[in-house]
Each structure stands twice: as C-alpha cells, then as structure tokens.
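See below for the structure under consideration.
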Amino acid sequence: MKIAIGSDHVGFELKPVIIDYLKELGHEVKDFGTFSNERTDYPIYGQKVAEKVASKEFDLGIVICGTGVGISLAANKVPGIRAVVCSEPYTAKLSREHNNTNILAFGSRVVGPDLAKMIVKEWLSASFFGGRHARRVDELKAIEDQNTDEFEEIRKSTSDKYIDKG
C-alpha cells in the first residue's frame with residue numbers, strides 16, 4: 001500500500017518512528033513534511049497529505065501534530081477525505097470498518113511510539129464493512145457536496161448496496 005505521511009513540528013520526532021514501522025510492515029511511504037522541528041503550521045501538512053490521498057495518488061494517509069485534532073481538521077477540509085483522530089486502537093479499527101476512513105491522525109503529546117504503532121496496525125488491518133455503513137459514508141459525501149436531494153435519495157434508498165452481507 002502507498003501511504004502519505006505528514007506532521008507539524010510537534011509531530012516531527014514521532015513521524016520517523018511511524019515511517020520505519022510502516023516500511024517494516026511492507027508499505028511504501030512518502031513523507032510530505034515538515035522536515036525539521038522548527039515551528040510551523042499543521043494545516044500545511046494536513047492539506048498536503050489529504051490532497052495526495054483524495055487524488056488517489058496514495059491509498060491512505062497518516063498525519064501527526066500535538067493532539068491530532070488540528071491536523072485532522074485541516075485534512076477533513078479536502079473533499080473526499082475522512083480523517084479520524086485516534087488515541088487508542090479500537091477506535092482506529094472501527095473507523096475503517098464503519099466509516100471507511102482514509103487518513104489516520106494522532107497526537108505526539110497524547111500517544112507514545114508503542115501505542116502509535118498499535119493504533120497504526122489496527123487501522124491498517126481493518127477493512128470497510130460496506131452495507132449499512134456504505135449508506136452512511138454516501139450520506140457524508142452528499143453532505144460534503146452540499147447536495148440535500150442526493151442525501152435524501154440515499155437516506156430513502158432500498159438498494160442492495162446498503163444491506164449487510166454477513
């Protein structure tokens with residue numbers, strides 16, 4: 001899998017740990033900055049990673065700041081992105097299974113290297129369930145597109161696409 005990664009200056013020290021771990025797991029990784037611990041703004045790197053994921057140039061993204069919140073907010077401003085902030089593995093897993101998240105965010109002031117690796121592993125190991133969850137993701141897309149007609153169409157749909165298969 002191709003994974004884009006980025007951080008602000010606060011996440012800078014944790015980022016290489018995660019890059020090395022992703023490579024150990026067999027993933028291709030590209031770092032979109034920052035490249036020093038000099039103070040910088042998290043929206044820059046949240047946007048860079050999100051644009052690479054939204055364009056499908058990369059399969060998934062990981063972003064790191066102090067709490068994960070700010071950089072995830074920036075990533076979520078890019079259409080097509082569903083970034084989640086996680087400080088434990090269970091939420092990371094369910095975010096992929098239920099919400100088909102495509103960017104994982106966490107905070108270097110909140111989680112240490114070992115916990116961050118556990119979060120990454122659970123997130124990458126999970127896959128989207130589809131079914132009733134697909135309806136919800138499609139509804140999110142309609143909200144993102146500001147298309148209330150489409151939202152209502154999806155909400156009322158009886159399509160097999162929205163039926164759980166297991």
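Please treat every number below as a calculation from the coordinates, not as lab data. All of these numbers come straight from a predicted model, not from anything done at the bench. Cβ sites come from the backbone with ideal geometry, for glycine too, and all protein chains shown count toward neighbours.
Miscellaneous remarks
- For segment 17-104, averaging the sequence separation of C-alpha pairs within contact (under 8 Å, six or more residues apart) and dividing by the residue count gives a relative contact order of 24 percent.
- Remark: relative contact order (the chain) = 20 percent; criterion is Cα-Cα distance under 8 angstrom and separation of 6 or more residues.
- Dipole in debye (nearest 20) - the chain, about Cα centre, beta carbon charges: Lys, Arg +1; Asp, Glu -1: 220 debye
- Theoretical FRET efficiency, 1/(1+(r/R0)^6), r = Cβ-Cβ of K161 and K30, R0 30 Å, to 0.05: 0.35
- Taking only the alpha carbons of segment 55-161, we obtain Rg and Dmax values of 14.8, 45 Å in that order.
- Burial ordering of Y21, Y42, fewest other beta-carbon atoms within 10 Å first: Y21, Y42
- Relative contact order computed over segment 114-166 (Cα-Cα under 8 Å; 6+ residues apart), in percent: 44 percent
- Extending 7 Å from the Cα toward the beta-carbon at both D20 and E97 defines two label points whose distance is 3.1 nm.
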